[in-house]
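A short reminder: the numbers here are calculations on the coordinates, not readings from a lab. Keep in mind the model is a prediction, meaning the values are calculated, not measured. In this analysis, Cβ positions are derived from the backbone assuming ideal geometry, glycine residues included, and neighbour counts consider all displayed protein chains.
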Amino acid sequence: MLWGGFMHLYIPGDCKLQGDHVNFFKRCIDTPTPHPALLNSLDALSLVQLGSTNNDRRVLPEACQAYSRALGSLHQALSPETDQSRSDDQVLAAIMVLKVCEFFTELASPRGIGWGDHVRGVQQLIAVRGPESLKTDLALGIFAHARHSALCHGLITRKASYFAQPSWRAFGQRVLVRDESSVIHDIAVQVPGILEQYDSLDPQHKSYTSHIDALLTDAAALEQEMRTWQSNSHKSTLGPPYHLRPVADFPTFAALCSDRTFATAHMFPGFTAAYLHATYWVCMYFLRSTWKKRR
C-alpha cells in the first residue's frame with residue numbers, strides 16, 4: 001500500500017514507454033526479496049513523498065528513520081568485508097533511490113552529500129562494472145535512470161558523462177527498447193560534452209579556429225538528430241503534437257501564478273510527452289546558445 005501510494009503520486013500514469021527512466025522504480029518495487037538497503041530506501045522515498053504531498057508531519061519522522069536505516073544497510077553492503085557494489089544490482093538500485101531522496105529537504109544530508117554526489121557515485125560504480133555486467137531487468141532500469149540523471153547533472157555542471165562514450169551509447173542502443181524516451185536520452189546525453197568542449201576552448205591555441213569549426217559541426221549534427229526525434233515523436237505513441245491553449249486552461253499554474261506575461265502555453269496529450277519535449281527544448285537551448293556565441 002505504501003509503495004502503491006508512492007507510485008500513484010510520483011510515476012506518471014500515462015508512461016507506457018519501456019525505455020523510460022521512470023520504469024526503474026517499477027522494477028525496484030517488483031523485485032522479489034529486496035535487499036535491506038533497497039527495501040529501506042524505497043520506504044524512505046515513499047514516506048517522504050506521501051508526507052510532503054499531504055503535508056503530514058506524522059509521516060515525515062518515519063521517513064527519516066527509514067532513510068537512516070537505508071544508509072546503514074548501504075554502508076554495510078559497501079564495506080570492504082562485504083563489497084557488493086560491483087555485483088549486486090539491488091545495492092546499486094538502493095543508491096539510485098537514495099539519490100532521489102536528496103530532492104526532499106526533510107531527508108537531505110546535513111553534511112552536504114547531495115544529489116550531485118550520488119549521481120557521480122552511481123556513474124562511477126556503473127563504469128567500474130562495465131556495460132556487459134548489466135544484464136537483469138533491474139540493471140537495465142538502473143542504466144536508463146542513471147543516464148537520465150547524468151544528463152541533468154551534465155547540463156548543470158557542463159561536463160561530459162560516461163554514458164556519452166561510444167561504448168556506453170552502443171550498449172544502450174543494443175539493450176534498451178528503442179522508444180521515444182530512450183532515443184532522446186541517447187541523443188541528449190551528448191550535449192554536456194559539447195558544452196565542456198566549448199568551455200575549454202583556448203583563444204591562444206594555434207588551432208583555435210579549427211577547434212571552433214569542429215565544435216560547430218558536432219553541435220549542428222546533434223541538433224539535427226534532436227529535430228529528427230521531435231518530428232518522429234509527433235507520429236508515434238506520444239500522440240499528436242502539442243497545441244496552444246489559454247493559461248486559464250492550466251488551473252494549477254493559474255492558481256499559483258498571477259503573472260500573465262504569456263497568455264498561452266503548450267498543452268500536451270500527457271505527462272510523458274510533455275516531459276520528453278521539455279528535455280528536448282532544454283538541450284536545444286544549450287546547443288543553440290552555445291552555437292550563437294561562436295558564429
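Give the whole-number value, in cubic angstrom per residue, of the convex hull volume spanned by the C-alpha atoms of the stretch 190-295.
130 Å³
For the chain, set up a Gaussian network in which alpha carbons nearer than 10 Å are linked by springs, and say which option among 107, 244, 138 fluctuates the most.
Greatest mean-square fluctuation among the candidates belongs to 244.
Among 43, 179, 56, which one moves the most in a GNM of the chain with springs linking Cα atoms closer than 10 Å?
56
From the backbone phi of the stretch 225-235, what are the Karplus-calculated ³J(HN,Hα) couplings (6.51 cos²θ - 1.76 cosθ + 1.60, θ = phi - 60°) in whole Hz, Gly and Pro given as x?
4, 5, 5, 5, 4, 4, 4, 5, 5, 6, 10
Measuring from label point to label point, each 7 Å out along Cα→Cβ, what is the residue 204 to residue 227 span in nm?
Between residue 204 and residue 227, the simple spin-label model gives 3.8 nm.
Picking from 22, 55, 42, whose Cα lies most toward the positive end of the charge dipole for the stretch 1-178 (charges on Cβ: Lys, Arg +1; Asp, Glu -1)?
Most positive-ward Cα: 22.
Any of 99/159; 135/235; 26/159 with alpha carbons more than 24 Å apart? Name them for me.
In this structure, 135/235; 26/159 exceed 24 Å between Cα atoms.
In debye to the nearest 20, how big a dipole does the stretch 190-295 give about its Cα centre with +1 on each Lys and Arg Cβ and -1 on each Asp and Glu Cβ?
It works out to roughly 300 debye.
Any idea how far apart residue 33 and residue 250 come out in nm if each label point goes 7 Å out from Cα toward Cβ?
Output for this residue pair reads 4.8 nm.
Among 190-198, 30-38, 210-218, 249-257, how do they line up from the highest to the lowest mean number of other beta-carbon atoms within 10 Å?
Ranking, from highest mean packing down: 190-198, 30-38, 210-218, 249-257.
Expressed as a rounded percentage, what relative contact order does the stretch 24-107 have, with Cα pairs under 8 Å and six or more residues apart?
Numbers: 96 pairs, mean separation 30.8, N = 84.
Worked out over the stretch 24-107, it gives 37 percent.
Taking 8 Å as the Cα distance limit and 6 or more residues as the minimum spacing, I'd like the relative contact order of the stretch 152-295 as a percentage.
25 percent
Within 10 Å of each residue's Cβ, count the other Cβ atoms and sort 69, 178 from fewest upward.
178, 69
Quick one: putting +1 on the C-beta of Lys and Arg, -1 on the C-beta of Asp and Glu, what dipole do you get for the chain around its Cα centre, in Debye to the nearest 20?
The dipole magnitude comes to about 640 debye.
I need to check one value: relative contact order of the chain, counting alpha carbon pairs closer than 8 Å and at least 6 residues apart, in percent. If you can, show how the numbers build up before the last one.
On the way: 344 pairs, mean separation 48.8, N = 295.
Relative contact order, the chain: 17 percent.
Run lengths n ≥ 4 of DSSP H only: what is the helix-derived mean residue ellipticity at 222 nm for the chain, with -39500 (n - 2.57) per run over all residues, to the nearest 500?
Calculated at 222 nm, the ellipticity per residue is -20500 deg cm²/dmol.
What are the residues whose amide H is under 5 Å from the amide H of residue 267, where those residues sit 5 or more places off or on another chain and H is modelled from the backbone?
243, 244, 245
Let me know the charge dipole size of the stretch 218-270 about its Cα centre in debye, to the nearest 20, where only the beta-carbon of Lys, Arg (+1) and Asp, Glu (-1) is charged.
240 debye
In which sequence would 58, 27, 227 go, from the one with the fewest C-beta neighbours within 10 Å to the one with the most? Show your work: numbers first, answer last.
Numbers: 58 8, 27 19, 227 12.
Fewest to most other Cβ atoms nearby, the residues stand as 58, 227, 27.
With θ set to phi - 60° and the Karplus curve 6.51 cos²θ - 1.76 cosθ + 1.60, what are the ³J(HN,Hα) couplings of the stretch 128-138 in order, to the nearest whole Hz, using x for Gly and Pro?
Residue by residue, the stretch 128-138 yields 5, 5, x, x, 6, 7, 8, 10, 7, 4, 5 Hz.
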